[in-house]
Amino acid sequence: MKFEVEHSHGPEFEHLDYRVEEGVAVITIRRPEVLNALSTALLRELAEVPELVAEDLEARAVIFTGEGKAFVAGADIPEIAGLSDVFVAREFSLLGQDVMNAIAAMPVPTIAAINGYALGGGLELALACDLRVAVRKAKLGLPEVGLGLIPGFGGTQRLPRIIGLGRALDLILTGRHVEAEEAYQMGLVNRLAEDALEEAKALAATLVKNGPVAMALAKESVFRGFDLPLPEGLEIEADLFGLVSRTTDFKEGTSAFLEKRKPNFKGE
């Protein structure tokens, strides 16, 4: 599927490219010479993306991908190697967690288009996205224990929630890389593709047809209720169902269905 670029805007990033195509913000990480490794500078640029998307009226879905043969091959190891102070190391972890948390909290649907290696911090970035599309040659993993580290950008917490405790411990404690096919079988990857970015764009094109307020509240319902007992989660769902029923998009969506036409959602 081909998209025409509607516009490209935002600050001049050093390591990111931001553009909107047919209502989809495509964020390309551009440090191919180091396999798009996450440095502090790159993390700070990524931290700006959620607010940039929130201010962009055209962006109704977001895709993260990498330039070259890697999605993100991990954190910047030379930088990490210099973290000899426990407090400095903790702050570096918290910075990465804050970035991933902000991405996970974005109200629009987010997709990781995994075009190659997604290791360490790269996999943690993908885990912070709602959906993951990977090329069949992609390799995914959290290899930190092999460096005497642990995942520090949310991997020990998000991975078990996505693939289960046993499988997560297998990947975290062995540090092994998994092929995309195995990642798909364990539920780590949602879709396999020959071209991850094109498949992600096709998926995003489906998402942006839906009511943006409804998608935001659906995400909120899932995440707020995930760790709660079922009755409490159902209360959250009912509250948000009531809230969405008062939106203009709800009236437009139901009217369009009854009138047998495509809805024109405004995000209101």
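The values are calculated or read from the model by the stated rules, or taken from the named source; none is laboratory data. Nothing here was measured: the structure is a model prediction, and the numbers come from that model. Here Cβ is always computed from backbone atoms with ideal geometry, including for glycine, and neighbour counts include all displayed protein chains.
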Next on the checklist: Any residue that is under 15 Å from Ala47 (Cβ atoms) and surrounded by 21 or more Cβ atoms within 10 Å (Cβ to Cβ) - is there at least one of those in the range 125-140?
Outcome noted: yes
Next on the checklist: Would you confirm whether or not the range 50-64 contains a residue that is touching a residue at least 40 places away in the same chain (Cβ under 8 Å), farther than 20 Å from Val213 by Cα and not charged (D, E, K, R)?
Outcome noted: yes
Next on the checklist: Given the options Leu203, Leu197, Leu192, name the one that is touching a strand residue (DSSP E or B) at 6+ places or on another chain (Cβ under 7 Å) and over 26 Å from Arg167 (Cβ atoms).
Outcome noted: Leu197
Checklist entry - Of all residues in the range 160-178, which are among the aliphatic types (A, V, I, L, M) and either in a helix (DSSP H, G or I) or surrounded by fewer than 17 Cβ atoms within 10 Å (Cβ to Cβ) (or both)? => result Ile162, Ile163, Leu165, Ala168, Leu169, Leu171, Ile172, Leu173
Item to check | Residue within the range 73-87 that is under 17 Å from Val178 (Cβ atoms), in the same structural domain as Phe13 (by TED's automatic domain parsing) and buried (at least 24 other Cβ atoms within 10 Å of the Cβ) present | outcome: yes
Checklist outcome for this item: Exactly one of Ala200, Ala238, Ala218 is in contact (Cβ under 8 Å) with a residue 40 or more places away in the chain and among the aliphatic types (A, V, I, L, M), and that one is Ala200
Checklist entry - Taking the stated definitions as given, is Lys260 more than 29 Å from Val26 (Cβ to Cβ) and not in a helix (DSSP H, G or I)? => result yes
Next on the checklist: Return the residues of the range 179-200 that are in a strand (DSSP E or B) and crowded, with 21+ Cβ neighbours inside 10 Å; say none if nothing qualifies.
Outcome noted: Ala193
Checklist outcome for this item: Here the qualifying pairs (Cβ atoms under 7 Å; residues six or more apart or on different chains; first in the range 250-267 and of a type in the set (Lys, Arg); second surrounded by 13 or more Cβ atoms within 10 Å (Cβ to Cβ) and not in a loop (DSSP other than H, G, I, E, B)) come out as Lys262/Ala256; Lys266/Thr248; Lys266/Asp249
Checklist outcome for this item: For the range 224-240 the number of residues that are assigned to a helix (DSSP H, G or I) and either in contact with a helix residue (DSSP H, G or I) (Cβ under 8 Å, 6 or more places away or on another chain) or among the acidic types (Asp, Glu) (or both) is 10
